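Below: the structure, in structure tokens.
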Amino acid sequence: MQGKLIVFEGVEGSGKTTQMAHTQDWLIQSGILQQLQQQGWVSQLVLTREPGGTMLGKTLRQILLHSSEEAITDRTELLLYAADRAQHVTAFLQPLLEEGALILCDRYTDSTVAYQGYGRGLDRSLIDQLNQIATGGLQSDLTLWLDVPADVGLNRARQRAAQDRIEQTHLSFHQRVQQGFTELWQRHPQRIMRIDASPEPEAIAQQIQEILQQKLSAWYCTKD
Ligand code: T5A
């Protein structure tokens, strides 16, 4: 049994956490998860995130988002995200996929391209190489890009709680990140699906469910 990796991507406050929870509830309450498990297609449903999907990753997340002892240089930041990912893939994602898990993951490789590549301006071929090293070539089976203007997402995130190190960065940085996601979606139309993330959460959840129904049918030969 080989599992599936579904990634949620987008700028700050685009609603990834909200929509992962909606997706989990929908898979359970609709009976789809139970059906996939009974048919032997899926072992379990797992939610995870980057950075911070492992014990080591939680420490790296704390450093990346909340460290204020000294400025983190852009290259250090890139390497810390890559270290988090290497641990996450090897110690968590890969074993779960081998046993057939359906995984919902908050951010993955495209975030590094968008934030460290487009946002920080680091060399994109270097980032591609690092992503390759960190993942061992593991790509998402589907990436749902929650597309919302950077200022709208930032306002949502800022209203909610104290800002972390990256949320405090200037709006122009987040606009470059948004441009990065846009170009990634244009370059990888098979893997990355765009979701209009401006409306109310329920309308966004509906778009996601329609896409997932089609994908799950294709992957697992189930009826819609
Ligand atoms: N990063 C990460 C990199 O730079 N490189 C990398 O390689 C990786 C993996 C992670 C940070 O690390 C960076 C990117 C990030 O800066 P994080 O805390 O995981 O830090 O940051 P986010 O992923 O941005 O998490 P957020 O919680 O800020 O955003 P979400 O999860 O997209 O949004 P969510 O669902 O928490 O919603 C935010 C607020 O908006 C409301 C929610 O209720 C909540 O209050 N909301 C809506 N409001 C109106 N309309 C809607 N449709 C709404 N949906 C949600």
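We did not get these values from a lab; they are worked out from the coordinates using the rules stated. Quick caveat: nothing in here was measured; it's all calculated off a predicted structure. Don't worry about glycine lacking a Cβ; one is built from the backbone with ideal geometry, like all the others, and counts go over all protein chains shown.
Sort through 114, 101, 91 and tell me the only one that's touching a residue at least 24 places away in the same chain (Cβ under 8 Å), under 19 Å from the mean Cα position of the chain (by Cα) and more than 28 Å from residue 209 (Cβ to Cβ). So that I can check it myself, show each step before the final result.
On the way: 114 fails: more than 28 Å from residue 209 (Cβ to Cβ); 101 fails: more than 28 Å from residue 209 (Cβ to Cβ).
After ruling out the rest, the residue left standing is 91.
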> Can you name the condition, by its number, that residue 71 falls short on among (1) out of contact with any helix residue (DSSP H, G or I) (no Cβ under 8 Å at 6 or more places or on another chain); (2) farther than 22 Å from residue 168 by Cα; (3) among the aliphatic types (A, V, I, L, M)?
Replying inline: (2)
>> Going by what's in this entry, would residue 96 be described as of a type in the set (A, V, I, L, M, F, W, C) and under 20 Å from residue 57 (Cα atoms)?
In response: yes
> Tell me, which residue of region 44-74 that is more than 21 Å from the chain's Cα centre (by Cα) and not hydrophobic (A, V, I, L, M, F, W, C) is nearest to residue 19 (Cα to Cα)?
Replying inline: 67
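Of the residues 109, 169, which is closer than 23 Å to residue 83 by Cβ, within 10 Å of the ligand (Cβ to nearest atom) and more than 18 Å from the chain's Cα centre (by Cα)? Reasoning before the result, please.
Details: 109 fails: more than 18 Å from the chain's Cα centre (by Cα).
Testing whether each residue is closer than 23 Å to residue 83 by Cβ, within 10 Å of the ligand (Cβ to nearest atom) and more than 18 Å from the chain's Cα centre (by Cα) leaves just 169.
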>> Condition first: touching a residue at least 60 places away in the same chain (Cβ under 8 Å) and of a type in the set (Gly, Ala, Ser). Now tell me which residues in region 1-38 satisfy that.
In response: 3, 10, 13, 14, 15
> If residue 47 passes every condition in (1) surrounded by 17 or more Cβ atoms within 10 Å (Cβ to Cβ); (2) touching a helix residue (DSSP H, G or I) at 6+ places or on another chain (Cβ under 7 Å); (3) of a type in the set (A, V, I, L, M, F, W, C) but one, which one does it miss?
Replying inline: (1)
> Taking into account only those residues within region 1-54 that are within 20 Å of residue 89 (Cα to Cα) and among the small types (Gly, Ala, Ser), which is nearest to the ligand (Cβ to nearest atom)?
Replying inline: 52
